[in-house]
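Shown next, in C-alpha cells, is the structure this report addresses.
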Amino acid sequence: NAGVTQTPKFQVLKTGQSMTLQCAQDMNHEYMSWYRQDPGMGLRLIHYSVGAGITDQGEVPNGYNVSRSTTEDFPLRLLSAAPSQTSVYFCASSYSLTDGQYFGPGTRLTVT
Amino acid sequence: AQSVTQPDIHITVSEGASLELRCNYSYGATPYLFWYVQSPGQGLQLLLKYFSGDTLVQGIKGFEAEFKRSQSSFNLRKPSVHWSDAAEYFCAVGADTGNQFYFGTGTSLTVIP
C-alpha cells in the first residue's frame, strides 16, 4: 500500500493564482481531511469528508474548496492564493473516528 | 466546544531519562484520544490511541499513555528516551459531535546526550 500520497511536495504561487493540491489514499478509508500547519498553531482543520459526495467545513475553510467524487481522492483547491495561505498542508485519512488518522508527507506552499 | 491543550511548548530531556508529555482535553462525552509524532519535514505518525477499555495504552516505539477521566488528561510517557525520539508530539481528540479530530499545538522534544 502507498498509504496517503500528496502532490506536489513544494509549490510557490503568486498572489491571486489558483491551484489544486492532490491527495489520494489506497486504504479504502471513508474519512479524509485537510489540515494546515503553521508554527505554534498545531494543525487546523480546513475541510473534511466522511465519504464520497460528502464534504464539510472545518475550522479554517475560507479560501479553500474541496470535492470528493471517489473514495480514493480528496483534492484541495485554492481559489485565489493569498500570502496568509503560506503554510504546510497535510492530507489525512481514517477508517473511523476511533481509528486514528494516516497522514500524507505534506505540501509546503509559499504564496508571494 | 472541543479543545486540546498541550501546556508544554518545548521540553528538553537527557538521553536515558524518563519522559512525560502532558495533554488535557475538553469534551463532553467519552473522547477518542490519540498521540502522534512528527519528525522534521515529515507527516504525522500515530503513536497510540484510546477509545475504551484499559486506561493505560501501549503504543509503538516504547511509548504509553494513560487516560484519566477525572483529570481530563491523556499524558504520554516513555521510561527511557532515545536520541531518535527528538521530534514534535501532538495530542488529538476525535469527537463524534462534528465528526472531527482536534489537535493540540504540539510539544517539541529535544534530547541531549
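Among residues of segment B:73-99 being at the interface with another protein chain (Cβ under 9 Å from one of its Cβ atoms) and in contact (Cβ under 8 Å) with a residue 60 or more places away in the chain, the one that is farthest from B:Ser14 (Cα to Cα) is B:Gly98. Of all residues in segment A:66-81, none satisfies being modelled with pLDDT under 95, within 14 Å of chain B (Cβ to nearest Cβ), surrounded by fewer than 21 Cβ atoms within 10 Å (Cβ to Cβ) and over 20 Å from B:Phe34 (Cβ atoms). Can we say B:Lys49 is among the basic types (Lys, Arg) and facing chain A (nearest Cβ under 9 Å)? Against the criterion (among the basic types (Lys, Arg) and facing chain A (nearest Cβ under 9 Å)), B:Lys49 qualifies. When A:Arg44 is tested against the conditions (1) in contact with a Gly (Cβ under 9 Å, 6 or more places away or on another chain); (2) more than 12 Å from every other protein chain (Cβ to nearest Cβ), the lone failure is (2). Restricting segment A:14-44 to residues that are crowded, with 19+ Cβ neighbours inside 10 Å and farther than 18 Å from A:Val60 by Cβ leaves a set whose member that is farthest from the chain's Cα centre (by Cα) is A:His29. Taking the criterion of being under 16 Å from B:Phe103 (Cβ atoms) and over 15 Å from the mean Cα position of the chain (by Cα), the residues of segment B:1-41 that qualify are B:Ala1, B:Gln2, B:Tyr27.
Residues in segment A:94-109 that are more than 7 Å from chain B (Cβ to nearest Cβ), closer than 19 Å to B:Trp35 by Cβ and surrounded by fewer than 20 Cβ atoms within 10 Å (Cβ to Cβ): A:Tyr95, A:Ser96, A:Asp99.
A:Gln11 - would you say it is of a type in the set (S, T, N, Q) and within 11 Å of chain B (Cβ to nearest Cβ)?
For A:Gln11, the condition - of a type in the set (S, T, N, Q) and within 11 Å of chain B (Cβ to nearest Cβ) - is not met.
The values are calculated or read from the model by the stated rules, or taken from the named source; none is laboratory data. Computed from a predicted model, the values in this text were never measured in an experiment. As a convention, Cβ positions derive from the backbone with ideal geometry for all residues, glycine included, and neighbour counts pool all protein chains shown.
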